[in-house]
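Nothing in this text is a laboratory measurement; each read-out follows from the coordinates by a stated rule. Treat the numbers as computed from the prediction; the structure is a model and nothing was measured. Quick reminder, even Gly has a Cβ in these numbers, built from the backbone with ideal geometry, and neighbours come from all protein chains shown.
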Amino acid sequence: MAKSRKSEPEAAAPGVYLVAPATCPPASLEAALEAADIACVLLLDGELDEDGLRAAVEILAPLAQAREAAVLLQDRAELAAETGCDGVHLSDSKDLVAARRRLGEEAIIGIGCGASRHDAMTAAERGADYVGFGARLPGPGPADPGLLGWCQEILTLPCVAFGAATPEDVARLVTAGADFVGATLDMDLAACEAALKTAAAQT
């Protein structure tokens with residue numbers, strides 16, 4: 001996931017944004033990276049303590065980065081900096097200034113906005129590199145397609161659509177305007193990537 005604005009002449013094509021627990025076996029992450037062209041990996045700490053998360057990231061992050069996938073941590077700017085991650089996904093844009101100061105201008109800093117247009121606009125004003133809509137994990141349903149279309153029209157930064165559970169969800173979200181679509185390790189990632197590319201070509 002490069003730091004590319006949609007307002008630039010050649011915006012990046014839609015991509016797969018993998019959400020994975022930091023407790024996942026390295027082999028599972030490697031299999032996911034082999035199955036699809038993953039743009040970004042968000043590692044969730046789950047029940048791990050600080051030392052456990054650090055140890056997991058030090059193993060998993062190089063696997064993803066070797067495949068040119070950016071690696072982000074959830075809300076852990078300090079640990080992201082210390083372990084060589086590419087950035088963070090923040091739950092609240094109020095933490096963005098401190099994260100940017102710690103990680104630098106080249107880091108990727110995204111903001112989870114749920115279903116809030118206001119939060120997305122605030123994140124954009126504060127210098128986020130992307131905004132995310134929907135739940136990070138499948139369950140409540142995919143991000144609202146209307147939000148994605150609004151983001152394309154109003155904002156000048158990429159949007160990530162979370163909550164997809166099937167390749168069909170992925171296709172609908174790309175068609176609605178998602179720049180990246182969240183996926184999880186238990187999904188058919190090859191099918192998701194194929195659906196994403198087909199939808200992008202038809203959009």
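Checking Cβ-Cβ separations below 4.7 Å across the chain identifies CYS24, CYS40, CYS85, CYS113, CYS192 as cysteines lacking any candidate disulfide partner.
Modelled label positions at ALA13 and GLN65, each set 7 Å beyond Cα in the direction of Cβ, lie 2.7 nm from each other. Under 1.5 on a/c is rounded, so check that first for segment 67-108, then, if it is not, pick prolate when a/b is larger than b/c and oblate when it is not; a ≥ b ≥ c are the square roots of the alpha carbon gyration tensor eigenvalues. Prolate is the answer for segment 67-108, as a/c is 1.5 or above and a/b outweighs b/c. What the Cβ-Cβ distance of ILE154 and GLU34 gives, at R0 = 35 Å and to the nearest 0.05, is a FRET efficiency of 0.40. Inter-label distance, ALA201 to THR166: 2.2 nm, where each label sits 7 Å from its Cα along the C-beta direction. Comparing mean-square fluctuations of ALA80, ALA135, ALA66 from a GNM of the chain with C-alpha springs under 10 Å, the top value falls on ALA66.
Along the axis of the charge dipole computed for segment 51-198 (Cβ charges of +1 for Lys and Arg, -1 for Asp and Glu, origin at the Cα centre), the listed residues ALA66, ALA81, ALA99 are led at the positive end by ALA99. Label positions at LYS94 and HIS118, each projected 7 Å from the Cα along the C-beta direction, are separated by 1.3 nm. Dipole of segment 107-203 computed with +1 at Lys/Arg Cβ and -1 at Asp/Glu Cβ about the Cα centre; of LEU196, ALA183, CYS151, farthest Cα towards the positive end is CYS151. Proximity of backbone amide H atoms, modeled 1.01 Å from N, is registered between ALA183 and TYR17, LEU18, VAL19 at under 5 Å, excluding neighbours fewer than 5 places apart on the same chain. For the chain, the longest piece that avoids every one of the GluC sites (Glu not before Pro) found in DSSP loops with at most 16 other C-beta atoms within 10 Å covers 107-203. Of TYR17, TYR130, the sequence from fewest to most neighbouring Cβ atoms within 10 angstrom is TYR130, TYR17.
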